[in-house]
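Single-structure report; data block below.
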Amino acid sequence: MLLVYSDDFLKHSFINHPESPGRLSSIKSLLDKKKGIRYIVPKPATENDLIKVHTQELIEDLKMRSKKHLGDSDNPFVSSTFEIAKLSAGAAIEAAKHSESKCFSLARPPGHHAGRNFFSGFCYLNNIAIGVSSVLKKYGRAMIVDFDVHLGQGTLDIFAGSDAVFYLSFHQNAETIYPWHEPVVREKNICLFALNPGIGDSDYLRIFEKCFKQAVSDFKPDLIACSAGFDAYYQDYYYVGSALSIREEETFKRIGEIIASADKPGFAVLEGGYNLERLGFLVYNFLRGWQK
Ligand SMILES: [Zn+2]
């Protein structure tokens, strides 16, 4: 298994925040007990990388806020925030570079709530969008499959109307959870599955498999990138209020297997997932299904 990781991701830290360094430490300590895992150390994304998906205005705003520690409870800022967000984006670029080997970016802060000109929901820069953009010339058509419990309204904002990128999201109906708005979509390259609270493992997997396979057959991607969030797990209710009823850790292995069944190069980035006791197992299960 091939992952991108740096201890520097632990520097972005705030008291009593669910998006904590402990998330990565818990995953890493579980993976350290497994054999056959190789890590690549990332470099920060450059401003040239960022400007492919974000505005100069957002980049300057993030810099200024880091300098002045100017944030709120969802998006706090310390001096290193912008640097670590760039490193997290750089990790996605590195993972994308190794798409033939199915590389996973074990990085934070996450990214799918950051849009072209906004940051939100624990996210500052859109890692998956930056990673995909870095390899679009090589792969031509990319699909992003997002199975975080929250709608990635940032990724949607960046790619709506694109001919080259298809965004497929399976999330809890966003009228019932952050970002509190389920958009009406008209663009052909966007497909959103707003799942009702309470849906269980077998129904979730049935919908996921059917719709994923249909989307792959319709769009015919050359690359499949994953926004891999693990907060659809039922115990994440206590951290971010997720109300799907995904109770089996094996469900994430099955999600990995379904994505792998398309037999395309790809990479994945960590989005949400906040239960520190089980998060490592959920990620490892996904990797077992996806990377084999
Ligand atoms: Zn999430």
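We did not get these values from a lab; they are worked out from the coordinates using the rules stated. Everything numeric here is computed off the predicted structure, so don't read it as measured data. Neighbour counts run over all protein chains shown; Cβ positions are idealised from the backbone, glycine included.
What the table shows:
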item: Qualifying residue in the stretch 275-285 (condition: hydroxyl-bearing (S, T, Y) and either more than 19 Å from F104 (Cβ to Cβ) or more than 12 Å from the ligand (Cβ to nearest atom) (or both)); result: yes
item: Residue match in the stretch 1-11 (condition: among the charged types (D, E, K, R) and loosely packed, with under 14 Cβ neighbours inside 10 Å); result: yes
item: Yes/no for Y139 being of a type outside the set (D, E), surrounded by fewer than 22 Cβ atoms within 10 Å (Cβ to Cβ) and more than 14 Å from the ligand (Cβ to nearest atom); result: yes
item: Of the criteria (1) more than 13 Å from the ligand (Cβ to nearest atom); (2) surrounded by 24 or more Cβ atoms within 10 Å (Cβ to Cβ), which one A160 fails; result: (2)
item: Neighbours by Cβ (under 7 Å, 6+ apart or cross-chain): first from the stretch 137-164, aromatic (F, W, Y); second in a loop (DSSP other than H, G, I, E, B); result: Y139/D222; F147/G229; F147/A232; F159/N189
item: Test: residue in the stretch 246-268 that is over 16 Å from the mean Cα position of the chain (by Cα), within 16 Å of the ligand (Cβ to nearest atom) and of a type outside the set (S, T, N, Q); result: yes
item: Answer from C211, C226 - the residue that is more than 16 Å from the ligand (Cβ to nearest atom) and either part of a helix (DSSP H, G or I) or surrounded by 19 or more Cβ atoms within 10 Å (Cβ to Cβ) (or both); result: C211
item: Residue in the stretch 121-134 that is within 16 Å of the ligand (Cβ to nearest atom), within 27 Å of Y39 (Cβ to Cβ), in contact (Cβ under 8 Å) with a residue 24 or more places away in the chain and part of a strand (DSSP E or B) present; result: yes
